[in-house]
Amino acid sequence: MTDKLIIFDTTLRDGEQSPGASMTRDEKLRIARQLERLRVDVIEAGFAASSNGDFEAVRAIADAIRESTVCSLARANDRDIGRAAEALKGAARARIHTFIATSELHMEKKLRMTRDQVFEQARLAVRFARNLCGDIEFSPEDGYRSDPDFLCRVIEAVIAEGATTINIPDTVGYAIPELYGQFILDLRRRIPNADKAVWSVHCHNDLGMAVANSLAGVMIGGARQVECTINGLGERAGNCSLEEVVMAVRTRRDYFGLEVGVDASQIVPASRMVSQTTGFVVQPNKAVVGANAFAHASGIHQDGVLKARDTYEIMRAEDVGWSANKIVLGKLSGRNAFKQRLQDLGVALESESDINAAFARFKDLADRKSEIFDEDIIALVGDDSVTHDQEHYRLLALSQHSAMGERPHARVAFAAGGVEQHADSDGNGPVDASLKAIESRVKSGAEMMLYSVNAITSGSTESQGEVTVRLQLGGRVVNGVGADPDIVVASAKAYLSALNKLHSNADRVAAQG
């Protein structure tokens, strides 16, 4: 008999805490639907008490998702827990995930609480949550750096109060695989009621060992839930990567002897959706989902793969959702064909008006680009400008002139709150001139922290460019993403997209579990 490994995805909560990765309600809902298609067991939808926006996102996901358990994070206090329970009311399967720090460093410097105070708050929080929801997860924040004796005391108490999952976070990525696995095993052996809860691992990647630590927690420690994110998204160096854990367990089933319920063919679509939504580009050599993950440049490797794929490939590209960049639609394609292709790609739009807006953008793109690939369709659907009615800023027109020996100049027309604005500026290049023109009217005062360009499809100068712009203002960091065959236009779209997020001014409270 094999065991089931529970996949707990926290892309929408811990992943979103990565600076600039915050998402709108609709973006979160779109990714949650893809996670459900991926068949993850638990979706941590957010931190309902952190802001009204996050509350609404958790509630929308709880109302929409039927197959996966929907979870909300909550600090160990009645207000947070009550808010989480309220947001999860519509869920088919709900979980409240409550946490409090247990390491000496965190208790003394951050919480300014004694051990006894933390113990009592943890116990009472789980008791309160258990009266509101049947599925309760408890995390001792910075658990790996906590005193084992105190940790045993806390965990035994919260299990007695009704915690059904115990998660041991390596909050700062300090662990070493063998030591982390043994740490969890020792806790499970010492705590009398340890068998009354599922044990979970939540590892950060500060030393590049999040996946190794998580798998050690499973194999050595006996954990049966892994907390992870798509593309390893997360603050600092990121979190444990879902795609790497899932494919390691599937590929080396001979060693792990574990079953995972994930539909691996949805891994690459999920990776692309998260990357294009957040603007965090996946590095080409990233395991499983990187563009080079199944590429072979060496002549010896190419020869071997042609003769027998398993000479150099331990898993098949198609098993994780990679497919050839075949042309799927053209400018003569109709709305029904476009709508069907969206369904084939697993893209769900909320309304007919959203489909019509996306189709209009598709027709515009098809007039300018002869070959339309799946990646192009995903990019234009994920473009913020599909939902014009929700935007404060929107690009209307752009023209620019640049020539060797002359200073580039750009003229931009954009809508700001329904009012058409016109601006022009010189710059060091056409992109610089265009963004300076916009800023001359908006006067946001935001600092640009990142500007990056990524080709959506490869092998052609016709490829759409996907631009990410990261802005910081008043401690807030936001990403804007824009796609267009014209890099200058894509840059202006990305800049306005970031300004829209700054304008929304959604408050967020970061919490680390």
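The values are calculated or read from the model by the stated rules, or taken from the named source; none is laboratory data. On a predicted model such as this, the values are computed, not experimentally measured, just so you know. With ideal geometry, Cβ positions are generated from the backbone for all residues, glycine too; neighbour counts draw on all protein chains shown.
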*Got a number for residues in segment 236-286 being of a type outside the set (Ser, Thr, Tyr) and closer than 20 Å to residue 4 by Cβ?*
24
*Within segment 278-317, restricting attention to residues that are over 30 Å from residue 495 (Cβ atoms) and at pLDDT 80 or above, which residue is surrounded by the fewest Cβ atoms within 10 Å (Cβ to Cβ)?*
287
_Which listed residue, of 142, 116, 147, 170, is surrounded by fewer than 18 Cβ atoms within 10 Å (Cβ to Cβ) and within 19 Å of residue 221 (Cα to Cα)_ = 147
_Let me confirm something: among 161, 156, which residue is under 20 Å from residue 222 (Cβ atoms) and either outside the structural domain of residue 115 (by TED's automatic domain parsing) or of a type in the set (D, E, K, R) (or both)?_
156
*Looking only at segment 194-214, decide whether some residue is hydrophobic (A, V, I, L, M, F, W, C), over 21 Å from residue 283 (Cα atoms) and over 26 Å from the mean Cα position of the chain (by Cα).*
yes
*Quickly run through segment 17-28 and pick out the residues that are assigned to a helix (DSSP H, G or I) and either touching a His at 6+ places or on another chain (Cβ under 8 Å) or touching a residue at least 40 places away in the same chain (Cβ under 8 Å) (or both).*
17, 26, 27
*Breaking point among (1) assigned to a helix (DSSP H, G or I); (2) touching a Cys at 6+ places or on another chain (Cβ under 9 Å); (3) under 19 Å from residue 142 (Cβ atoms), for residue 203*: (1)
*Has segment 226-248 got any residue that is among the hydrophobic types (A, V, I, L, M, F, W, C), within 25 Å of residue 37 (Cα to Cα) and part of a strand (DSSP E or B)?*
yes
*Kindly indicate whether any position in segment 206-213 is hydrophobic (A, V, I, L, M, F, W, C), in contact with a His (Cβ under 7 Å, 6 or more places away or on another chain) and either within 21 Å of residue 9 (Cβ to Cβ) or not assigned by TED's automatic domain parsing to the domain that holds residue 242 (or both).*
yes
*Considering 102, 114, 98, which residue is out of contact with any strand residue (DSSP E or B) (no Cβ under 8 Å at 6 or more places or on another chain), of a type in the set (Val, Ile, Thr) and more than 30 Å from residue 247 (Cβ to Cβ)?*
114
*Quickly run through segment 158-177 and pick out the residues that are within 25 Å of residue 10 (Cβ to Cβ) and in a helix (DSSP H, G or I).*
158, 159, 177
*Please work out if residue 366 is over 30 Å from residue 269 (Cβ atoms), in contact with a strand residue (DSSP E or B) (Cβ under 9 Å, 6 or more places away or on another chain) and at pLDDT 80 or above.*
no
*Counting only residues that are assigned to a loop (DSSP other than H, G, I, E, B), without any contact (Cβ under 8 Å) to a residue 60 or more places away in the chain and on the phi < 0 side of the Ramachandran plot, how many does segment 436-481 have?*
4
*Does residue 222 count as part of a loop (DSSP other than H, G, I, E, B), of a type outside the set (D, E, K, R) and within 11 Å of residue 7 (Cβ to Cβ)?*
no
*Hits in segment 425-435 (condition: part of a strand (DSSP E or B) and surrounded by fewer than 19 Cβ atoms within 10 Å (Cβ to Cβ))*: 426
*Are there any pairs with C-beta distances below 7 angstrom linking a residue in segment 401-424 that is outside the structural domain of residue 495 (by TED's automatic domain parsing) and loosely packed, with under 11 Cβ neighbours inside 10 Å to a residue that is assigned to a strand (DSSP E or B) and of a type in the set (Asp, Glu), with the two at least 6 apart or on different chains, and if so which?*
none
*So is residue 31 buried (at least 23 other Cβ atoms within 10 Å of the Cβ) and touching a helix residue (DSSP H, G or I) at 6+ places or on another chain (Cβ under 7 Å) or not?*
yes
_I'm checking my understanding of the structure. Among residues of segment 336-363 that are among the small types (Gly, Ala, Ser) and either at pLDDT 80 or above or at positive phi (or both), which one is farthest from the chain's Cα centre (by Cα)?_
337
*Which residues, taken from segment 63-79, are farther than 19 Å from residue 227 by Cβ and either of a type in the set (Val, Ile, Thr) or out of contact with any Asp or Glu (no Cβ under 9 Å at 6 or more places or on another chain) (or both)?*
63, 77, 78, 79
_Flag if residue 229 is within 20 Å of the chain's Cα centre (by Cα), hydroxyl-bearing (Ser, Thr, Tyr), closer than 22 Å to residue 123 by Cα and not assigned by TED's automatic domain parsing to the domain that holds residue 481_ = no
*Can you tell me which residue within segment 494-509, out of those that are surrounded by fewer than 24 Cβ atoms within 10 Å (Cβ to Cβ) and modelled with pLDDT of 85 or more, is farthest from residue 51 (Cα to Cα)?*
500
*Return only the number of the condition from (1) over 30 Å from residue 497 (Cα atoms); (2) without any contact (Cβ under 8 Å) to a residue 60 or more places away in the chain; (3) among the charged types (D, E, K, R) that residue 75 does not satisfy.*
(2)
*Based on what the data block shows, is residue 67 surrounded by fewer than 23 Cβ atoms within 10 Å (Cβ to Cβ), in contact with a helix residue (DSSP H, G or I) (Cβ under 9 Å, 6 or more places away or on another chain), acidic (Asp, Glu) and in a loop (DSSP other than H, G, I, E, B)?*
yes
